[in-house]
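To keep things clear, I will list the structure first and then write my remarks on it.
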Amino acid sequence: RLKDQLFMARAHYPSIAKLKQQERFTRELKQHIQEHERMLSDAIADSDLPPFFAKKLEKMEGAIERIKSCEVGCSNVERKLRQLLDLTEDEAYFHTRQSAFLYHLGVQTMPKTHHCLNMRLTVEYFKSASLQRKLLNKQKLENPTFYHYVMFSRNVLAASTTINSTAMNSKDSGSVVFHLFTDKQNFYAMKHWFGRNSYLDANVHVTNIEDHSTLSKDVESIGKQQLWPTEEFRVTFRNHSQSLQRQMKTEYISVFGHSHFLLPDLLPSLNRVVVLDDDLIVQKDLSSLWNLNMGDKVIGAVQFCGVRFGQLKAYIDETNFDADSCVWFSGLNVIELEKWRDLGVTSLHGQLLQKDSSVSHRLKALPRGLLAFQDLIYPLKGSWVQSGLGYEYGISRVDIEKAAALHYNGVMKPWLDLAIHDYKSYWRKYMTNGERFMAECNIH
């Protein structure tokens, strides 16, 4: 009511101030406006208002009634109302932009509890250097008869949850090997965490990708000295099949980062591997993925036909692509490394990267990642992965529980306070419990 009164009083004040013999009323109205402005500037909620605000409301109500009895030019009041409306819309737009910025800042910034966990693990790694560490049999790392999973991650808690869910739902966890690639900053925290925690009989091997020295010349342009995990893009486009009010559509597309294109060199003795993102949890055994006959395809992925290449023209500067092709997601992907090597996919990706040196590596990841595998995608059944748990409300419990894996693509990751509450329990089910460093860093 205070705001509405202030809006009306401001709109009429210029016209009242021009009336003759209304000088005293003009001063009173100005005083009422200033008092309302003062109260509103000090209050965010009704409870913040001073105890005398009801009297001020009553006085302003009387002033507005008196305004209505004055003969003022309607065109002048209308003009002032339009000015106030424009100012209000500008202010609303500013606060919307500010809210969006602060929201994304909260999403992209590592929570201080996770930072604490990384620091504590790193310190403990060096303090307990004399502790006998688990040594992984090198033969298992290179034996193609095992089930080899690959992850690129900087987030120890997320990576451990994905690994735990995969191991717990595996029929033969002793045949499972995880190749976890991280960067120098997170290597010691990861190393210590997976050295002190076990995941049934699964084997976890942590590698600092910055120390890898067996990369071929094909990957020189990709920035091999850095970790480039999965990239996620928020894309907005017009969907003409919908009504006018619902034509603008927004989706989150996750694609391989540049580090994924190092896989043939990172794992030279292996052929088929399954790549997992660290925002994914596994609910069922995945061993049947090693029995798929993918023909001459390089990568198995769930395709998402709600978005087609042609709808991403604003993001893809190439012209040589099939506009009707469905977009595919990273998250859970089956890779045939021998076919990858034979077809020179890494070299093709490097050539695509070099075409426009003015664009950052990250921005190139969406078009280059999609185009590098054009015509090389083996479509997995949609029941393998239920995506969208990081941004889409209203996914049914039936769809979630029948999926082999859940992908929290989107900005509301399950380890953040911003996570969608209805989906968080599926992730927390596999989070490590009883770890003292988590308790010390207030991670629950």
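Summary table below
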| quantity | calculated |
| --- | --- |
| Members of region 137-189 that are among the hydrophobic types (A, V, I, L, M, F, W, C), in a helix (DSSP H, G or I), touching a strand residue (DSSP E or B) at 6+ places or on another chain (Cβ under 7 Å) and in contact (Cβ under 8 Å) with a residue 60 or more places away in the chain | L141, A159 |
| Hey, E65 more than 22 Å from E89 (Cβ to Cβ), in the same structural domain as E89 (by the TED database) and surrounded by fewer than 11 Cβ atoms within 10 Å (Cβ to Cβ) or not | yes |
| Within region 190-204, tally of residues that are assigned to a loop (DSSP other than H, G, I, E, B), farther than 23 Å from L263 by Cβ and open to solvent by less than 20 Å² (accessible area, probe 1.4 Å) | 0 |
| Matching residues, region 424-441, being within 18 Å of the chain's Cα centre (by Cα) and open to solvent by less than 10 Å² (accessible area, probe 1.4 Å) | W427 |
| Residue in region 399-406 that is at pLDDT 95 or above, under 20 Å from S160 (Cα atoms) and part of a strand (DSSP E or B) present | yes |
| Region 14-34, residues that are under 16 Å from K59 (Cβ atoms) and buried (at least 18 other Cβ atoms within 10 Å of the Cβ) | I16, L29, H32 |
| Residue in region 270-285 that is among the basic types (K, R), surrounded by 17 or more Cβ atoms within 10 Å (Cβ to Cβ) and assigned to a helix (DSSP H, G or I) present | no |
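The values are calculated or read from the model by the stated rules, or taken from the named source; none is laboratory data. Fair warning: this is a prediction, and the values are worked out from it, not measured in the lab. When we count neighbours, we look across all protein chains shown, and the Cβ atoms used for this are built from the backbone with ideal geometry, even at glycine. What goes into the accessible areas is simple: the full protein's heavy atoms, side chains included, and nothing from ligands, DNA or RNA. Shrake-Rupley method; radii C 1.70, N 1.55, O 1.52, S 1.80 Å.
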